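Beneath this line is the structure, given in structure tokens, with notes to follow.
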Amino acid sequence: MRTCAALPALAAISLPVAAQSSPANGPESYWGGVELVDSNSIDWPAGLGGPGPFERVVTGRLTDQDTISALVLKGGILTLVYHPTSFTALAEISPTSFSDVTVLAAPGEGETDVILAVNDDGLHRIAFDPEQRTFVQESIGA
């Protein structure tokens, strides 16, 4: 199992690169303070998959904030879009390049959903660790 310390790009989860309007008592405090932008669109950062369309978008309860987030696969890069209906914070969650992704429903009440991603090295399980406040990635099969 690898964690943020072993994967420097995962540190981006605490430093979102784009934001848009936030609900009252919203995630700006959770994400360590983000720039709020009054807009109905997201300027997708070039560093998160480059130009072109998204390859896959899936949703789930991916953090411990009891809200639905979107996970975007674009150019092999997995990007978390936190609370896409009213607030957006974008963060790359893994430096590993993937070819496909899905979300597996949480096994129990109060638990977060799990990300399953695949690449040439096999299947990977990525889950949010609330104590470390980051995503932890583990290879589970080749």
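The values are calculated or read from the model by the stated rules, or taken from the named source; none is laboratory data. Values in this document were obtained by computation on a predicted structure and should not be read as measured data. Heads up, the Cβs are rebuilt from the backbone with ideal geometry, glycines too, and the neighbour counts pull from every protein chain shown.
Key figures for this structure:
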item: Close pairs from segment 52-64: first among the hydroxyl-bearing types (S, T, Y) and modelled with pLDDT of 90 or more, partner surrounded by 13 or more Cβ atoms within 10 Å (Cβ to Cβ) and part of a strand (DSSP E or B), Cβ under 8 Å, at least 6 apart; result: T59/S69; T59/A70; T59/L71; T59/V103
item: Given (1) under 16 Å from L123 (Cα atoms); (2) of a type in the set (G, A, S); (3) at pLDDT below 90, index of the condition S99 fails; result: (3)
item: Failed criterion for S39 (all others in (1) in contact with a Ser or Thr (Cβ under 7 Å, 6 or more places away or on another chain); (2) surrounded by fewer than 21 Cβ atoms within 10 Å (Cβ to Cβ); (3) at pLDDT below 90 hold); result: (1)
item: The listed residue being farther than 18 Å from Q137 by Cβ and among the polar types (S, T, N, Q), out of T79, T102, T63, T88; result: T88
item: Test: residue in segment 59-70 that is in contact with a Phe, Trp or Tyr (Cβ under 7 Å, 6 or more places away or on another chain) and of a type in the set (D, E); result: yes
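Residues checked against (1) surrounded by fewer than 18 Cβ atoms within 10 Å (Cβ to Cβ); (2) in contact with a Ser or Thr (Cβ under 6 Å, 6 or more places away or on another chain); (3) in contact (Cβ under 8 Å) with a residue 12 or more places away in the chain:
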residue: V72; (1), (2), (3): no, yes, yes
residue: L78; (1), (2), (3): no, yes, yes
residue: E92; (1), (2), (3): no, yes, yes
residue: F98; (1), (2), (3): no, no, yes
residue: V101; (1), (2), (3): no, no, yes
residue: G108; (1), (2), (3): yes, no, no
residue: T112; (1), (2), (3): no, no, yes
residue: A117; (1), (2), (3): no, no, yes
residue: L123; (1), (2), (3): yes, no, yes
